[in-house]
Amino acid sequence: MYLRRPLATDRAAWIALRESSLDHLLKWEPRLRVRSEAERWDTFFRTSDSDERQRLLIFRNEDSRMVGYVGLNGIRHGALQGCDLGYWMGKEFTRRGYMTEALLLAIRHAFGSLELHRVEANVQPHNVASIGVLKKAGMRFEGVAIRFLQIDGKWCDHQRWAMTIEEWKDPLAPIKHQPARQKRQT
């Protein structure tokens, strides 16, 4: 997997991926005031890179096919040094481990390139697959935010998951081999 910022040439693939996955995605996402996925792309692309957010597309290494999205949103500097993760995976690409790997790459970027201290993610308590991804990425449960986000016209509780840089153990980092310890002669 690899992540990169969206390009204007990604528009058709992004719209097709979203449209083929709407029944899967809409039960988890807030409804934006957009009339179409094309309009959603235009907003997404226009606001994809700023001091407050970095939106990244997820691609498979083997064929460079776009499979989803991960975003570092609400980037805060100063005393907090944190961000909120947002993500979705195209329906046909779920349950393959792609999102776990993409989140690990995004977290590495947040703690590395962006020099952040804390990464958070909020998920509906019944979204078992997403909770599993967060656990596999090494995030910890912090609690429940009551009526946190409006989904499909209803205010929904969300679980808050987080990780700080002190907790980060980068499973994608190259393994550094330590020289073998010699036995002490007695």
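Checking each residue in segment 1-12 for being hydrophobic (A, V, I, L, M, F, W, C) and surrounded by 15 or more Cβ atoms within 10 Å (Cβ to Cβ) picks out M1, L3.
Of the residues that sit in segment 97-115 and are over 15 Å from I165 (Cβ atoms) and among the aliphatic types (A, V, I, L, M), which one is nearest to the chain's Cα centre (by Cα)? Per the criteria, the residue is L103.
Scanning segment 76-116 for residues that are within 20 Å of D170 (Cβ to Cβ) and among the β-branched types (V, I, T) yields T100, I107.
Can you tell me which residue within segment 28-86, out of those that are hydrophobic (A, V, I, L, M, F, W, C) and surrounded by fewer than 12 Cβ atoms within 10 Å (Cβ to Cβ), is farthest from V119 (Cα to Cα)?
Our first condition is that a residue be hydrophobic (A, V, I, L, M, F, W, C); within segment 28-86, this holds for 28, 32, 34, 38, 41, 44-45, 56-59, 66-67, 70, 72, 75, 79-80, 83, 85.
Still in the list and also surrounded by fewer than 12 Cβ atoms within 10 Å (Cβ to Cβ): 32, 79.
Details: L32: 24, A79: 14 Å.
Selected residue: L32.
Could you please let me know if S48 is without any contact (Cβ under 8 Å) to a residue 24 or more places away in the chain, of a type in the set (S, T, N, Q) and over 13 Å from R18 (Cβ atoms)? Spelling it out, it is not the case that S48 is without any contact (Cβ under 8 Å) to a residue 24 or more places away in the chain, of a type in the set (S, T, N, Q) and over 13 Å from R18 (Cβ atoms).
Is it the case that A121 is buried (at least 17 other Cβ atoms within 10 Å of the Cβ), in contact (Cβ under 8 Å) with a residue 60 or more places away in the chain and closer than 27 Å to D10 by Cα?
On the way: buried (at least 17 other Cβ atoms within 10 Å of the Cβ): yes; in contact (Cβ under 8 Å) with a residue 60 or more places away in the chain: no; closer than 27 Å to D10 by Cα: yes.
Judged against the criteria, A121 is not a match.
Just need a number here: residues in segment 117-148 that are polar (S, T, N, Q) and under 24 Å from H77 (Cα atoms).
Within segment 117-148, the subset polar (S, T, N, Q) is 122, 124, 127, 130.
Narrowing the set further to residues that are under 24 Å from H77 (Cα atoms) leaves 122.
Going through segment 117-148 one residue at a time, the tally reaches 1.
Taken as a whole, the structure leaves R18 outside the set of residues that are closer than 22 Å to S130 by Cα, among the charged types (D, E, K, R), out of contact with any Gly (no Cβ under 7 Å at 6 or more places or on another chain) and in a loop (DSSP other than H, G, I, E, B).
If the requirement is being out of contact with any helix residue (DSSP H, G or I) (no Cβ under 8 Å at 6 or more places or on another chain) and of a type in the set (K, R), which of these qualifies: R60, R76?
Values: R60 fails: out of contact with any helix residue (DSSP H, G or I) (no Cβ under 8 Å at 6 or more places or on another chain).
Answer to the selection: R76.
For segment 1-19, how many residues are more than 16 Å from R60 (Cβ to Cβ) and acidic (D, E)? Within segment 1-19, residues that are more than 16 Å from R60 (Cβ to Cβ) and acidic (D, E) number 1. In this structure, E115 does satisfy being surrounded by fewer than 20 Cβ atoms within 10 Å (Cβ to Cβ) and either modelled with pLDDT under 95 or not small (G, A, S) (or both). Can we say R96 is within 29 Å of R118 (Cβ to Cβ) and either among the β-branched types (V, I, T) or surrounded by 12 or more Cβ atoms within 10 Å (Cβ to Cβ) (or both)? Yes; evaluated as a whole, the condition is true for this residue.
Take W155 and tell me if it is more than 16 Å from the chain's Cα centre (by Cα) and among the aromatic types (F, W, Y). So W155 fits the description; yes. Here is a check on your reading of the model: is R108 touching a residue at least 60 places away in the same chain (Cβ under 8 Å) and either of a type outside the set (S, T, Y) or farther than 20 Å from G97 by Cα (or both)? Judged against the criteria, R108 is a match.
The values are calculated or read from the model by the stated rules, or taken from the named source; none is laboratory data. From a predicted model like this one, the values you see are computed outputs, not experimental measurements. Note: ideal-geometry Cβ built from the backbone for every residue, glycine included; neighbour counts use all protein chains shown.
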